[in-house]
Amino acid sequence: MSDPLLKVEGLDVLFTAYGQTRQVLRDISFTVGAGERVALIGETGSGKSVTAKAILGTLPRNATVSAGRIEVEGRNVLDLPRSARDALKGQAFSLIMQDPLSSFNPVFKIGSHLDDVLRYADRRAGVRASTSERRARIAAVLRRVQLADPERVMNAYPSELSGGMRQRVLIGLALLHQPKLLIADEPGTALDVTTQDEILNLINTLVAEEGMALLMITHNLGVVRKVADRVVVMRHGDIVETGPCTQILHAPAHDYTKGLLDAVPPLYGARVQTQELSEKPAIVSANALYKEFGRGARRFQAVRDVTVTLREGEIFGLAGESGSGKTTVARMMMGLARPTTGTVTVEGTPNPGRPLAQIVYQNPGTSLNPKRTVKQSLSLPLKRAGLAGAARDARLAELMGLVRLPVSYLAKYPHELSGGQKQRVAIARALAADPKVLILDEPTAALDVSVQKTVIELLLQLRAELGLTYFMISHDLSLMRNFCSRLAIMLRGEIVEEGPTPQVFAAPQHPYTRALIAAIPVVTDAEERLKPAVTPEERQAFLVTTTD
């Protein structure tokens, strides 16, 4: 049997900060064979990215490899001088980064980014090439990642490309020197589900056609099923389980792996949770909403003829891809934006000019002020309500109890909290104003799947305890299937389908709805078979292409 392309054996990594040393990787051992697809999975803090950085040689200065070997084609790269190790980058292995927007300098054109990387890699390899030769190689790589007009892409700034096109460029960047191992760090995570599906299909195609190996770093188990032959499960810096993809997904041995699978929202089957429809009167109604931005020739119609009724006590979901108009509709219903035409009626009063709702944002790490303690953040809305002294302190304690956090956490800053704890604080801040409606704008998108489950359970408990009404905005249809009682689908500023959530999933009427559902990565073959069929013509008509 031939040696594996990559062999990690007994890897230990230490981090030193503020005079203290902490071990973040312990005895990490796994292999990736030539042409093999291996997924490295685990939650935030499990050590996935540190492992990848150790392989790439990009660990921070305060990190130390204290034990172990990392062999690439039989050579221990930890013993190589820096110049020899740098020469492996782009040729032996290459990296696809997670965020296609932050990976580019916004003031440089795409062609400049790729040319800089190619010139540097050529210099390390001792290759001399003219500008025209490099440009021809870049164009060829962009065609390989299915970008139909390489010249237009090279002459564009990153902001002029869609998220899917930027992700394709990043993949092309990784392929410039035909690496033998492709390391993909959560590719497509920041993209809409249909675009992510295209990117994963592209990676699979390239790996097969180019004969490359793939090391996929992800926390999405549906993605694992789609791209991996073998799975390595990490937790708190240890490998807890490894095996063929089918075995890990269908017969996991470790309790942690079982917990990860149990936290994945099911799309179909007996585990699906169905929320009851509300028979109560409407609390907010939007009638024939239109919203335009810009003037003259640059006028853009973001929302067209949207009519929505939000009933008291229900969980209404508005789904669609980025740019479909979801957030604009929510802002108009909250009173934060005026419709160009149309009316918003709140408890029977048209355009009341007073807020009825509070919002819970997508990323609690950016929605909380890092310089304020939890107490200071929660006290602001209470101050507006006229609470001070003992009355304020009693309300603060009540809010912390509602979101199941200790009162002692009031003294903490956001950086001292986990992602799930920060989102609970964000929910408490929204509740401080005693709203009747909560706007949930992708409330769990930045969280691990197990944390997502606990936050969703908390929201359901709060709805039952406080009689809240939820308006949820998301592109995660698997989550909405289990959380929302009614669902509307938006496409290019219009609602194309609406109905009870089970009905929308059982018999989707619009091709766009079928395409969204079909693109959702699922864990089981049974769920895959139950997805709706979508013709190539329907995909071309209703999905935004990321190739031109």
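A few points about this structure:
- Using the Cα coordinates of region 363-434, the gyration tensor eigenvalues translate into equivalent-ellipsoid semi-axes of 18, 12, 11 Å, sorted from longest to shortest.
- Pairs of Cα atoms farther than 35 Å apart, the chain, %: 43 percent
- The gain in end-to-end length when the Thr246 to Arg404 segment is fully stretched comes to 53.2 nm, 0.36 nm per residue minus the alpha carbon separation.
- Cα-based helix-to-principal-axis angle, 419-431 vs the chain, degrees rounded to 10: 20 degrees
- For region 363-434, carbon and sulfur atoms together expose 51% of the accessible surface, with a 1.4 angstrom probe and every protein chain in place.
- Each label was represented as a point 7 Å from its Cα along the Cα-to-Cβ direction; for Thr131 and Arg26 these points are 5.6 nm apart.
- Relative contact order of region 363-434: 50 percent, from C-alpha pairs under 8 Å at least 6 residues apart in sequence.
- Distance violations [Cα-Cα > 26 Å] among Lys48/Lys453; Lys53/Lys453; Lys180/Lys531; Lys226/Lys453; Lys291/Lys371; Lys7/Lys422: Lys53/Lys453; Lys180/Lys531; Lys291/Lys371; Lys7/Lys422
- Nearest 10 degrees, 0 to 90: helix 389-402 Cα axis against the chain principal axis: 60 degrees
- Estimated inter-spin distance, Arg69 and Thr307, nm [label 7 Å along Cα→Cβ]: 7.2 nm
- In region 6-263, Rg over Rh equals 0.97, where Rg is the alpha-carbon radius of gyration and Rh the Kirkwood radius from pairwise Cα distances.
- Here's how it looks for Leu491: its modeled amide H is under 5 Å from those of Val496, which are all 5 or more places away or on a different chain.
- Modelled FRET efficiency - R0 56 Å, Ser103 with Ala464, Cβ distances, 0.05 increments: 0.85
- For region 348-503, the fraction of alpha-carbon pairs lying more than 24 Å apart is 36 percent, rounded to a whole number.
- Amide H contacts under 5 Å for Leu181: Phe93, Ser94, Ala213, restricted to partners 5 or more places along the chain or on a different chain, H placed in the peptide plane at 1.01 Å from N.
- For region 6-263, carbon and sulfur atoms together expose 48% of the accessible surface, with a 1.4 angstrom probe and every protein chain in place.
- Percent of beta bridges antiparallel (DSSP, the chain, rounded to nearest 5): 55 percent
- Environment charge of Ser324, counting only residues whose C-beta is closer than 10 Å and scoring Lys/Arg +1, Asp/Glu -1: -1
- Per residue accessible area of the chain, 1.4 Å probe, in Å²: 45 Å²
- For the pair Glu292 and Ala541, a Förster radius of 30 Å applied to the C-beta separation gives a FRET efficiency near 0.75, rounded to the nearest 0.05.
The values are calculated or read from the model by the stated rules, or taken from the named source; none is laboratory data. Quantities reported herein were computed from a predicted structural model and do not represent experimental measurements. Every residue, glycine as well, gets a Cβ built from its backbone with ideal geometry; the counts of neighbours run over all protein chains shown. To get the accessible areas, we keep the full protein, side chains included, count just its heavy atoms, and leave off ligands, DNA and RNA. Shrake-Rupley method; radii C 1.70, N 1.55, O 1.52, S 1.80 Å.
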